[in-house]
Amino acid sequence: MGKNILIVYAHQSAGSFNAAAKDAAVELLTAQGCNVVVSDLYALGFKATATKEDITGEVKNPEHFCYGEETMVAWRENRLSADIVEEHKKVTEADLIIFQFPMYWFSMPAIMKGWIDRVLTQGFAYSSEKRYSQGPFKEKLAMLSFTTGSQESMFCSNGINGDMNVTLWPIQNGILYYCGFQVLAPQIFWAPPHITSEGRMAMLEGWRKRLEGLLSETPLSFAPLDDFDTSSGFQLKTEVKEKQAEAEFGLTVGHHLGKPLPPNNQFRPALCLSSA
Ligand SMILES: Cc1cc2nc3c(=O)[nH]c(=O)nc-3n(C[C@H](O)[C@H](O)[C@H](O)COP(=O)(O)OP(=O)(O)OC[C@H]3O[C@@H](n4cnc5c(N)ncnc54)[C@H](O)[C@@H]3O)c2cc1C
């Protein structure tokens with residue numbers, strides 16, 4: 001059976017490099033027998049703001065509207081707005097979600113962040129019990145595929161923008177892995193507006209090759225929920241810290257334990273990570 005793929009796509013122009021990357025993914029994954037669905041956020045006019053209009057009917061506390069709590073209740077009671085329900089269906093069915101976007105301000109465009117704020121609803125996508133390695137989407141894959149304006153050399157530990165591993169951490173750990181997704185290595189297209197046409201074609205060719213084996217790639221490694229002690233404010237367990245004491249590098253970009261960051265932690269799977 002072919003896998004279900006959702007591409008959450010944020011670019012305004014069908015002539016963009018992002019469009020070409022998205023089209024390549026649709027073509028190559030469809031050719032493998034996958035069922036590919038694209039949420040083209042600008043074409044949909046996707047609402048980016050998390051507001052009480054996301055709920056149909058009465059809100060519980062109009063005086064002090066708390067978006068997370070209210071949308072969780074509305075999700076349970078089937079009272080979320082139609083556009084969120086539509087995206088929930090696509091996420092539920094997806095085996096892999098690809099986020100295709102141009103980097104904006106070291107992150108994603110607001111319309112895609114709006115998709116994340118509104119579609120990854122509390123209860124549906126995470127809860128205090130079900131998050132990180134226990135998250136609702138732990139059987140699903142997700143990945144970032146994005147373009148930059150910057151050259152690769154600008155996004156390293158001694159480049160002007162700093163280490164891309166650090167830039168990726170909040171998105172890959174704090175959004176994708178938080179909801180349980182197994183996160184595939186990001187696909188980064190460095191500076192397509194500023195390189196030669198041959199360079200752009202070579203990047204697209206590399207993506208097309210990768211797409212052939214994408215679904216059997218090993219996901220990146222993150223610190224599992226079990227590594228943390230719920231009774232002590234979710235601190236790393238003593239035994240995990242002891243195991244890490246002699247390690248040359250930190251556990252992850254975020255759990256660096258005051259040591260050098262594990263090299264390419266947000267780009268390739270670790271050979272060995274704590275108790276994972
Ligand atoms: C608000 C904002 C914030 C930004 N913040 C950052 C930031 O923090 N860091 C950063 O690095 N950059 C940043 N940028 C730059 C942005 O990331 C780049 O402009 C963007 O990633 C380029 O991708 P694109 O798809 O828009 O390229 P395009 O400009 O659409 O395309 C680049 C070139 O590829 C060509 N092309 C299209 N299709 C094909 C094809 N099939 N084959 C070959 N060539 C093709 C196009 O014709 C064009 O010449 C920011 C930009 C904005 C507007």
Length added when fully stretched, residue 152-residue 195, from 0.36 nm per residue minus Cα-Cα: 14.3 nm
Given Cβ point charges of +1 (Lys, Arg) and -1 (Asp, Glu) and nothing else, what value in debye, to the nearest 20, does the dipole of the stretch 221-276 about its Cα centre take? 180 debye
What is the sum of charges, Lys and Arg at +1 and Asp and Glu at -1, for the other residues whose Cβ falls under 13 Å from the Cβ of residue 260? -1
For the stretch 14-19, Karplus couplings with θ = phi - 60° (6.51, -1.76, 1.60), whole Hz, Gly/Pro x: 5, x, 7, 5, 4, 4
Of the cross-linked pairs 22/130; 89/140; 209/259; 3/138, which ones have a Cα-Cα span greater than 26 Å in the structure shown? 22/130; 209/259
Contour minus Cα-Cα span, residue 238 to residue 133, at 0.36 nm per residue, comes to 35.9 nm
Kirkwood Rh over alpha-carbon pairs of the chain plugged into Stokes-Einstein at 4 °C, 1.567 mPa s gives a D in µm²/s of 65 µm²/s
If you filter the stretch 44-147 for chymotrypsin sites (Phe, Trp or Tyr not before Pro), then keep DSSP loop positions with at most 14 other Cβ within 10 Å, what is left? 65, 105
The set of residues whose placed amide H lies less than 5 Å from the amide H of residue 235, leaving out same-chain residues fewer than 5 positions away, is 229
Report the antiparallel proportion of the DSSP beta bridges in the stretch 4-219 as a percent, rounded to a multiple of 5. 10 percent
Could you tally the net charge around residue 15, taking each other residue with its Cβ under 13 Å from the Cβ of residue 15, Lys/Arg +1 and Asp/Glu -1? +1
Quick one: 1, 143, 112, fewest Cβ neighbours within 10 Å first, how do they rank? 1, 143, 112
What does the charge add up to near residue 26, with Lys and Arg as +1, Asp and Glu as -1, over the other residues with Cβ less than 12 Å from its Cβ? -1
Compute the Cα gyration tensor for the stretch 21-137, then decide on rounded, prolate or oblate, letting a ≥ b ≥ c be the square roots of its eigenvalues: rounded whenever a/c is under 1.5, prolate when a/b is larger than b/c in the other cases, and oblate in all that remain. prolate
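We did not get these values from a lab; they are worked out from the coordinates using the rules stated. Only a predicted model underlies this, so the values are computations on that prediction, with no experimental measurement involved. Counting neighbours? That spans all protein chains shown, and the Cβs are built from the backbone with ideal geometry, glycine included.
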